[in-house]
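A short write-up of the structure that comes next.
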Amino acid sequence: MSDDSGWLNSYINSLPERGWFQFLSKYVVVPFWVWREGRPKLPGGPRPSPQPSDNTQRMMNLLMPLKDTSPIGRAKAVMALAQNVDEIFAGLDNVGTVHSARFLLVEDYICMISVYDGDFSNYIRDFISTIGSVFDALMHEVEGGDKLYPSEENVEAFIDWVREHDLFQAPDYPFDLFGLQDEQAGRKPNDPPHDLQTLPRSLILQLHANRNISLGGGYRGYPGYSAAQIRRNLGVGW
Amino acid sequence: MAVFDAEKVQGNILRGYPLDRVRHMILEVSDRRRAREFLAAAADGTGEEVPRITRSANWSERPEFCFNIGITFEGLRTLGLPSDQLKTFPTEYTEGMTRRALKLGDFGESAPEHWPAPFDRPDRIHIVASAYANADHHLDDIEKKVAKVFTVLGTRDGRNLPDGKVFFGYRDGISQPRLRHVFDPEHAGDHQIKDPLGTVLLGYQTQLEGIKFTIPTPEDVFRDSAFNAFRVLQQDTEAFETYLTDAAHFLESHRDVARLLPEGAEQNIGGGMSRHDALREVVAAQMCGRWRNGTPYEASPNSDVQDGISLTNYDYSLSSRCPAGSHMRRANPRGGPIVQRVANYTRRMVRRGMSYGPDPETGEHGLLGNFIGANYGAQFEAVMCDWINFGLQDPGITGTNDPLLGANVPETSRFDLTLKGGGHIRLSGFPRFVKTRGGAYTLLPSLPAIRYLSQLTA
C-alpha cells in the first residue's frame, strides 16, 4: 500500500473495510482464485523431521465429524467413550509414548487432542492393537467411520483416515507455508522463490482446502523429552 | 483362515537360498504387452526364453539358479492395473521409498537426490528382478533374457562373503523370524516366539493382537504377497575401523575401563589379542550387540568364545550388559523392556542381504538388503524411524541413533558403553557409517498375482 495521501490511495486502502468489496471478495474473487489456482489439501499432524527434539511431544488435533449432530447423536458419541474410560486409559498407558490425551465435544466434532512421542502411525497402530474395540464403538457415531469397522482389520485405512482428520499444522514461521504448498503440488520448494506479498492469498487459498488448522506446532514447556524420559526421571517407572 | 500353499509364494520370502551370488536388475516396462507375456511365462515356466519364478515349496534337488521379481507401484500402474485397484494399496507403497526418505533416515548424503543411476529416476523403476546362482554365467544368461523384454536401467551384483560375514566384519543373518507353518531347519534351535505367517505374508493373522493387514483388491489374487524394502547400503568400513581405534585410545586411559573389560580378558577375545585391540573389539561388540564372530554380547560380555553359548537364545533386561542402543537390540528388542509395551516382537521382519563391491574405481562397498514384511508402516518404517533412529524404545537412548546404521553426524552422535556393575562410558563424535545409495519399495507378488497382472488388458 502506498504512503501517498491522494484520494485514490486512501480509497484503495479502505477497500478491505467496505461492505461491497467484502461481498465481492467472498463470493466472486476467492471462488475464482480457488478455481484458477486452488491449493491441494495439506496433510494433518506434525511433519517428519530429522531433529530428535522435533520427534518428542508431538501434537495430535483429531477432529472427527459427528454423524448425528443433534443432542441425541452427541450423547451417543459421549456414551461410546464414557463406557470405555478404563480401557482408554489402560490403552494409552500401554502404548507408552503418550504425554496426554483428552476428548472434547466441540460443535459438530468429537475431538481427540493428544501429545505423543515418535511416529504417529505407530502410536495409532499400537493403540488399535491394544484397545481397537473402543474405537469401533466410537466410529459408529462418526461420519465415514463405518467403512473403517472393525479397525483391527482396517488398520491402514484407519491410520490414513486419522491423518486426514488430524489438523494440518501451519508452520511456525508463516513464509514456510510456500514450501509446503510447493511440495504438496509436486514442485521443488521455493523454486522460484515466492513474493512475500502473495502470502495472504496463499493462506486464504489454503484455508479453503484446510478449513480448520492448528496454528503452528504448539508450545512446549520442556522441549526434547519423551514421556518415558520424564517418567524415568520422576522415578515413577517407564 | 486361508490354507497356506507354498506354491503360491515367491521363494525368496520365507527362506534364503543356498546360493552365493545375486544380480538385482532394475527394470523399466517399455512395452507393457511384452512385459505381460514375460510375466505369464515366468509364472508358469512356459517359455524357453523366460526364467521361471522360484516358489517357496521345498525342492528335492538344489536348483542351479533362482529368479524372483518385485514390482513398484509405478510398475503396477504401467502394467495396467486399474486405478480403483491401485487405490487399495497402502500409502507407504504408493508413495514409494524416496517420498518416505525422512522417516527412513535418508537425508543429508543419503538423500534420494544424491542416489546414483538408476535410483535417481524412481518414476522409471517398475520392476526389480533378482537372479540368484553360484555361477556368474547363470546370472548373465538370465539378464540377457530379461533385457530382451525390459529396459535394464541398471544392475547391482551381490555375493556372500566368506563365513557369512559382512564388510564390517560381523557374522550376519543369524536371527530371522521363524514362521509358523514353514519348515525351516536352519533356524530350528531358535527359541524366540514363533511368528505368525501374517508377519510377512498378506492375508494372515499378525503378531499384533487381532490385527490383520489389508489385502489389496482383488483379495484372492494379492493374498500371499509380501512387501519388500530393497536397499543399497554403502558401508564405510574405513571410517568404522578408524573410529574403533580412536575409541580404544580414549578407553585405555579411562578410569572405569576395568569395568568395561577386566584386565586379562583380552586373552579370550579373537583368540587372544593386545589390550588395545581387545578394546576395539569390545566397542564393536557393544555397538552391534554381537561380537564379530556372532557370539551375543548379552550372553558373554568378556569373551567372544562361543563354547556352549546359544547364538539365538537370550533375552534383555533392565540390567543387561548389551547396550539398549546397540544395533541388534534396537532392531529386535526381543522380550526386553521397551517403552511401547505392546510392541515387543511385533515389528520383526525378514532380512536377506548380500554384500556388494568393492567397486574397482570408487572402492564403494556395502550391502544389498531386502527387508520383507507384510506392512511397511508397522515393521520396516516403524523400526527405522522409532528404534534405529531416535531410540524411542528406551529413555536412556532417546534422541540417539543406531551407532552402526543410524543417521549420525559427529557433532551430535553418542553411544553409551555399559559397564559391569552399572554405569556407562559415553562415546561420541562418530560419523554415519552406513549411507543409503538407492532402493525401492516393491511388492513381491504371489504367483496368482503375477498371473493376474499378466492378463491385464488396459
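So which of A:193, A:189 ends up being without any contact (Cβ under 8 Å) to a residue 40 or more places away in the chain and either basic (Lys, Arg) or away from chain B (no Cβ under 14 Å) (or both)?
Testing whether each residue is without any contact (Cβ under 8 Å) to a residue 40 or more places away in the chain and either basic (Lys, Arg) or away from chain B (no Cβ under 14 Å) (or both) leaves just A:193.
If the condition is being crowded, with 21+ Cβ neighbours inside 10 Å and part of a loop (DSSP other than H, G, I, E, B), then segment B:124-147 contributes B:125, B:126.
When segment B:390-415 is filtered for residues that are outside any loop (DSSP other than H, G, I, E, B) and either touching a helix residue (DSSP H, G or I) at 6+ places or on another chain (Cβ under 9 Å) or crowded, with 24+ Cβ neighbours inside 10 Å (or both), only B:415 remains. Scanning segment A:181-200 for residues that are loosely packed, with under 15 Cβ neighbours inside 10 Å and either part of a helix (DSSP H, G or I) or in contact with a His (Cβ under 7 Å, 6 or more places away or on another chain) (or both) yields A:196, A:197, A:198, A:199, A:200. Against the numbered list (1) part of a helix (DSSP H, G or I); (2) without any contact (Cβ under 8 Å) to a residue 24 or more places away in the chain; (3) within 14 Å of chain A (Cβ to nearest Cβ), residue B:198 comes up short only at (2).
When segment B:304-333 is limited to residues that are within 17 Å of residue B:169 (Cα to Cα) and in contact (Cβ under 8 Å) with a residue 24 or more places away in the chain, the one that is surrounded by the fewest Cβ atoms within 10 Å (Cβ to Cβ) turns out to be B:305.
Scanning segment B:225-256 for residues that are aliphatic (A, V, I, L, M) and either modelled with pLDDT under 95 or under 30 Å from residue B:200 (Cβ atoms) (or both) returns B:226, B:229, B:232, B:233.
The condition of being buried (at least 18 other Cβ atoms within 10 Å of the Cβ), of a type in the set (A, V, I, L, M, F, W, C), assigned to a helix (DSSP H, G or I) and away from every other protein chain (no Cβ under 14 Å) holds for only one of B:285, B:239, B:229, that being B:285. For segment B:23-53, a residue qualifies if it is assigned to a loop (DSSP other than H, G, I, E, B) and at pLDDT below 95, and the qualifying residues are B:45, B:46, B:47, B:48, B:49. Checking each residue of segment A:17-31 against the condition of being touching an Asp or Glu at 6+ places or on another chain (Cβ under 8 Å) and not polar (S, T, N, Q) gives no match.
Taken over segment B:63-83, the criterion of being among the hydroxyl-bearing types (Ser, Thr, Tyr) and under 18 Å from residue B:376 (Cβ atoms) is satisfied by B:72 alone.
Among the residues of segment A:66-77, what is the count of those that are without any contact (Cβ under 8 Å) to a residue 60 or more places away in the chain and surrounded by 15 or more Cβ atoms within 10 Å (Cβ to Cβ)?
Taking segment A:66-77 as the starting set, the residues that turn out to be without any contact (Cβ under 8 Å) to a residue 60 or more places away in the chain are A:69-72, A:74-75.
Add one more test, that the residue is surrounded by 15 or more Cβ atoms within 10 Å (Cβ to Cβ), and what stays is A:74.
Selection size over segment A:66-77: 1.
Output the residue which, of all residues in segment A:119-146 that are more than 9 Å from chain B (Cβ to nearest Cβ) and of a type in the set (D, E, K, R), is surrounded by the most Cβ atoms within 10 Å (Cβ to Cβ). Residue satisfying both the conditions and the ranking: A:141.
Limited to segment B:398-411, what total is found for residues that are touching a strand residue (DSSP E or B) at 6+ places or on another chain (Cβ under 8 Å) and within 10 Å of another protein chain (Cβ to nearest Cβ)? Of the residues in that region, 1 qualify. Filtering B:150, B:119, B:168 for residues that are surrounded by 20 or more Cβ atoms within 10 Å (Cβ to Cβ) and over 22 Å from the mean Cα position of the chain (by Cα) leaves a single hit, B:150. Residue A:177 falls short of the stated requirement of being more than 14 Å from chain B (Cβ to nearest Cβ), more than 17 Å from the chain's Cα centre (by Cα) and not β-branched (Val, Ile, Thr). Residue B:162 meets the conditions (1) surrounded by fewer than 17 Cβ atoms within 10 Å (Cβ to Cβ); (2) in contact (Cβ under 8 Å) with a residue 24 or more places away in the chain in every case but one. The failed one is (2).
Among the criteria (1) more than 14 Å from chain A (Cβ to nearest Cβ); (2) buried (at least 19 other Cβ atoms within 10 Å of the Cβ); (3) more than 21 Å from residue B:29 (Cα to Cα), the one residue B:92 does not fulfil is (1).
State all residues of segment A:201-229 that are within 14 Å of chain B (Cβ to nearest Cβ) and either in contact with a His (Cβ under 7 Å, 6 or more places away or on another chain) or buried (at least 17 other Cβ atoms within 10 Å of the Cβ) (or both); if no residue qualifies, say none. Answer for segment A:201-229, where residues must be within 14 Å of chain B (Cβ to nearest Cβ) and either in contact with a His (Cβ under 7 Å, 6 or more places away or on another chain) or buried (at least 17 other Cβ atoms within 10 Å of the Cβ) (or both): A:225, A:226, A:227, A:228, A:229.
Quick one: is residue B:189 in a loop (DSSP other than H, G, I, E, B) and touching a helix residue (DSSP H, G or I) at 6+ places or on another chain (Cβ under 9 Å)? Against the criterion (in a loop (DSSP other than H, G, I, E, B) and touching a helix residue (DSSP H, G or I) at 6+ places or on another chain (Cβ under 9 Å)), residue B:189 does not qualify. Can you say whether residue A:224 is closer than 30 Å to residue B:205 by Cα, among the small types (Gly, Ala, Ser) and assigned to a loop (DSSP other than H, G, I, E, B), as far as the supplied structure shows? Here the answer is no, as residue A:224 does not meet what is asked. Against the test of being closer than 30 Å to residue B:339 by Cα and within 19 Å of the chain's Cα centre (by Cα), the options A:220, A:231 yield a single qualifying residue, A:220. Residue B:437 falls short on exactly one of the conditions (1) surrounded by fewer than 24 Cβ atoms within 10 Å (Cβ to Cβ); (2) modelled with pLDDT of 95 or more; (3) over 16 Å from the mean Cα position of the chain (by Cα), and that condition is (3). Are any of the residues in segment A:98-118 aromatic (Phe, Trp, Tyr), touching a strand residue (DSSP E or B) at 6+ places or on another chain (Cβ under 6 Å) and surrounded by 20 or more Cβ atoms within 10 Å (Cβ to Cβ)? The answer is yes; a qualifying residue exists. Selection within segment B:334-389: residues that are of a type in the set (Val, Ile, Thr), surrounded by 18 or more Cβ atoms within 10 Å (Cβ to Cβ) and not in a helix (DSSP H, G or I). The member of this set that is farthest from the other protein chains (Cβ to nearest Cβ) is B:350.
Filtering segment B:201-226 to residues that are in a loop (DSSP other than H, G, I, E, B), within 14 Å of another protein chain (Cβ to nearest Cβ) and surrounded by fewer than 19 Cβ atoms within 10 Å (Cβ to Cβ) leaves B:205, B:209, B:210, B:217.
Going residue by residue through segment A:96-111, is there one that turns out to be assigned by TED's automatic domain parsing to the domain that holds residue A:215, within 25 Å of residue B:344 (Cα to Cα) and of a type in the set (D, E, K, R)? No, every residue in segment A:96-111 fails to be assigned by TED's automatic domain parsing to the domain that holds residue A:215, within 25 Å of residue B:344 (Cα to Cα) and of a type in the set (D, E, K, R).
The values are calculated or read from the model by the stated rules, or taken from the named source; none is laboratory data. Every value quoted in this text rests on a predicted model; they were computed, and no experiment measured them. Here Cβ is always computed from backbone atoms with ideal geometry, including for glycine, and neighbour counts include all displayed protein chains.
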